[in-house]
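Asker: Structure incoming, see below.
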Amino acid sequence: IITLAIETSCDETSIGVLKNGREILSNRISSQIELHKKFGGVVPEVASRKHIETIDYILDDALKEANISLNDIDNIAVTYGPGLVGALLVGLSYGKALAYALDKPLVGVNHIEGHINANFIEHPELEPPFVCLIVSGGHSHLVYIKDYGEYEILGRTRDDAAGEAFDKIARAMNLGYPGGPIIDELSKEGNKDAVNFPRVYLEEDSFDFSFSGLKSAVLNYLNNQKQKDLDIVVEDVAASFQQAVIEVLVNKTLRAANLKNSNIITIAGGVAANEGLRKLMEEKAKGLGIDVKYPSKILCTDNAAMIGCAGYYDYIKGRISDLDLNAVPNLKLGDK
Ligand code: ATP
Ligand code: MG
Ligand code: FE
C-alpha cells in the first residue's frame with residue numbers, strides 16, 4: 001500500500017511517500033524557520049502564505065524521490081489538527097483536492113498521533129502496547145498506547161508545553177529560535193547543578209506536567225542577576241533549566257511504565273530530539289529492564305512521513321474521512 005502524506009500544521013511544509021505505513025520512500029521537508037526567526041516565533045499568516053507557495057514543489061520532489069507517479073498512490077493522509085488553522089487548511093485543501101481528482105481515499109490524521117507513530121517508522125519491530133512521552137512545541141502528554149490508534153491518556157501539561165518552555169527561556173536569554181536545540185547544545189558546556197530551579201511534580205500520584213512555574217523561576221533568576229549586576233553564565237542557566245525539565249519528564253514516565261507494567265518507553269515530538277532527555281531516560285530505565293526508543297532527530301520534529309504512518313493504520317482499520325473534513329485547530333489526542 002502506497003500512502004501519500006501531507007503535513008502543514010505549523011511552519012514545515014512536508015510531503016512524503018510511504019510503503020506499507022512504515023517504510024519511507026520519500027519525506028521532503030521545507031522548513032520556514034529562517035522566515036520566522038526575525039519574529040522570534042511562527043507568524044501564522046506568514047506561515048500559511050509560504051505553505052501555498054511551496055507545496056506544489058514539495059509534492060513534485062516527494063514523488064520524484066519515491067520514483068512514483070500520482071496514479072500509484074493508494075491513499076492520502078493529511079494532518080487536519082491540531083495546529084494553526086490557516087496553515088492546516090493549506091495542506092488539508094490540497095489533500096482533499098488530490099483525493100477528489102484521483103478518486104483515492106482521504107485519511108485525516110491527528111498531528112500528535114503522527115508524532116507518536118514516528119517511532120513505528122524508526123523501529124520496524126516496535127509494536128503496542130507501550131508507554132509514550134510526547135513532548136513537542138505545543139503539547140506534552142504521557143500516554144499508554146494500547147494498540148495502533150488506541151490511546152489512554154495518563155497525564156498532560158496544565159500550562160506550557162515542554163518545547164514551549166525551551167523556546168521561551170531561549171528567547172529570554174536572546175539565544176535565538178527555536179530554543180530547544182540551542183539550549184540542548186549549550187547545556188553540554190554548562191553545570192546542571194549551578195542553579196537549583198524547581199522540579200514541579202504536582203500531586204504525588206499525578207502524571208500531569210506544569211512548566212510555567214519553572215519558566216517564572218528562570219526569568220526571576222535572570223532579572224535578579226541583572227539587577228545585582230551579577231554575571232549570567234548562559235551555559236549554566238541552560239543546563240540547570242534543562243535538567244529541571246528532563247528530571248520531571250523522566251521520573252513521571254518511569255512511574256507510568258511501572259503502573260502499566262510496560263517494559264518499553266518511547267519518546268516522541270520535537271523535544272524527543274533533546275540529547276539530555278534521551279540520555280537520562282536511558283540511564284534511569286536501564287536498571288529497571290526497560291527499553292527506551294525514540295525517533296531519529298529528523299523524525300522527531302514535524303514531517304509528513306509520521307503522518308503517513310498514522311494514516312496507514314487508520315486506513316487498514318477502515319477509518320476513512322469524508323471530503324468535507326475541516327481543519328480542527330485544537331484537536332485532542334484520541335479524538336477522531
Ligand atoms: P505540536 O507538535 O505540539 O503541534 P510543533 O509541531 O510546533 O508543536 P514540534 O515540531 O513537534 O512542535 O517540535 C518543535 C519543538 O521542539 C520546539 O519547541 C523546539 O524548541 C523543540 N526542540 C527541537 N529540538 C529540540 C532539542 N534538541 N531539545 C529540546 N527541544 C527541542
Ligand atoms: Mg516547526
Ligand atoms: Fe509537531
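Please treat every number below as a calculation from the coordinates, not as lab data. Computed from a predicted structure; not experimentally measured. Note: ideal-geometry Cβ built from the backbone for every residue, glycine included; neighbour counts use all protein chains shown.
Asker: When the Karplus curve 6.51 cos²θ - 1.76 cosθ + 1.60 is applied with θ = phi - 60°, which whole-Hz ³J(HN,Hα) does each residue of segment 325-330 get, with x for Gly and Pro?
Answerer: Residue by residue, segment 325-330 yields 3, 10, 5, 10, x, 10 Hz.
Asker: Per-residue counts of other Cβ atoms within 10 Å, averaged by peptide: what ranking do you get for 262-272, 126-136, 187-197, highest first?
Answerer: On the way: 262-272: 25.0, 126-136: 22.7, 187-197: 16.1.
Ranked by mean Cβ neighbours within 10 Å, highest first: 262-272, 126-136, 187-197.
Asker: Here's a follow-up. Rounded, prolate or oblate: which fits segment 1-58, taking a ≥ b ≥ c as square roots of the Cα gyration tensor eigenvalues, rounded meaning a/c under 1.5, else prolate when a/b beats b/c? Each step should come with its number before you reach the end.
Answerer: Numbers: a/c = 3.12, a/b = 2.52, b/c = 1.24.
Judged from the Cα gyration tensor, segment 1-58 comes out prolate (a/c at least 1.5, a/b above b/c).
Asker: If neighbour count is taken as other Cβ atoms inside 10 Å, put LYS19, LYS96 in order from fewest to most. Don't jump to the answer; show the numbers that get you there.
Answerer: Values: LYS19 16, LYS96 20.
If I rank by nearby Cβ atoms, fewest first, I get LYS19, LYS96.
Asker: While we're on this one: How much net charge surrounds ASN261 when only the other residues with a Cβ under 15 Å from the Cβ of ASN261 are counted, with Lys and Arg +1 and Asp and Glu -1? Numbers along the way, then the final one.
Answerer: Values: positive: LYS146, ARG255, LYS260; negative: GLU152, ASP291.
Combined, the nearby Lys, Arg, Asp and Glu give +1.
Asker: Another question about this same structure. Please arrange CYS10, CYS309 by counting, for each residue, the other beta carbons lying within 10 Å of its beta carbon, fewest first. Mind dumping the intermediate values first?
Answerer: On the way: CYS10 25, CYS309 32.
By the 10 Å Cβ count, ascending: CYS10, CYS309.
Asker: Over the C-alpha atoms of segment 1-150, what are the Rg and the largest Cα-to-Cα span, Dmax, in Å?
Answerer: That works out to 15.5, 42 Å for Rg and Dmax.
Asker: Tell me, what ³J(HN,Hα) does each residue in segment 68-85 have, in order and in whole Hz, if you take phi through Karplus 6.51 cos²θ - 1.76 cosθ + 1.60 with θ = phi - 60° and put x for Gly and Pro?
Answerer: Residue by residue, segment 68-85 yields 10, 10, 4, 5, 7, 6, 9, 7, 10, 9, 9, 5, 10, x, x, x, 7, 4 Hz.
Asker: In whole Hz and in residue order, list the ³J(HN,Hα) couplings for segment 302-316 that follow from phi through the Karplus curve 6.51 cos²θ - 1.76 cosθ + 1.60, θ = phi - 60°; x for Gly and Pro.
Answerer: For segment 302-316, the Karplus curve yields 4, 7, 7, 4, 5, 5, x, 5, 4, x, 4, 5, 4, 4, 6 Hz.
Asker: Please state, to two decimals, what the Cα-based radius of gyration of the chain comes to when divided by 2.2 N^0.38 Å (N = residues). Before the final figure, lay out the partial values.
Answerer: Values: Rg = 20.0 Å, N = 336, 2.2 N^0.38 = 20.1 Å.
That works out to 1.00 for the chain.
Asker: Along the charge dipole of the chain, pointing to its positive end and built from +1/-1 on Cβ of Lys, Arg, Asp and Glu, which listed residue (LEU89, SER210, VAL17) has its Cα farthest out?
Answerer: Of the listed residues, the answer is SER210.
Asker: Per residue of the chain, what 222 nm ellipticity follows from adding -39500 (n - 2.57) for every DSSP H run with n ≥ 4, rounded to the nearest 500?
Answerer: Values: 11 runs with 149 residues, N = 336.
That comes out to -14000 deg cm²/dmol.
Asker: Set Lys and Arg Cβ to +1 and Asp and Glu Cβ to -1, take the dipole of segment 234-308 about its Cα centre, and tell me which of LEU288, VAL245, MET306 lies farthest positive.
Answerer: Most positive-ward Cα: LEU288.
Asker: Now, a different point. What is the fewest-to-most order of TYR313, TYR57 by other Cβ atoms lying within 10 Å of their Cβ? Present the calculation step by step, with values, prior to reporting the outcome.
Answerer: Numbers: TYR313 21, TYR57 13.
Ranked by crowding around the Cβ, least crowded first: TYR57, TYR313.
Asker: Between helix 212-227 and the chain, what is the angle of the helix's C-alpha long axis to the longest principal axis, kept within 0 to 90° and rounded to the nearest 10?
Answerer: 50
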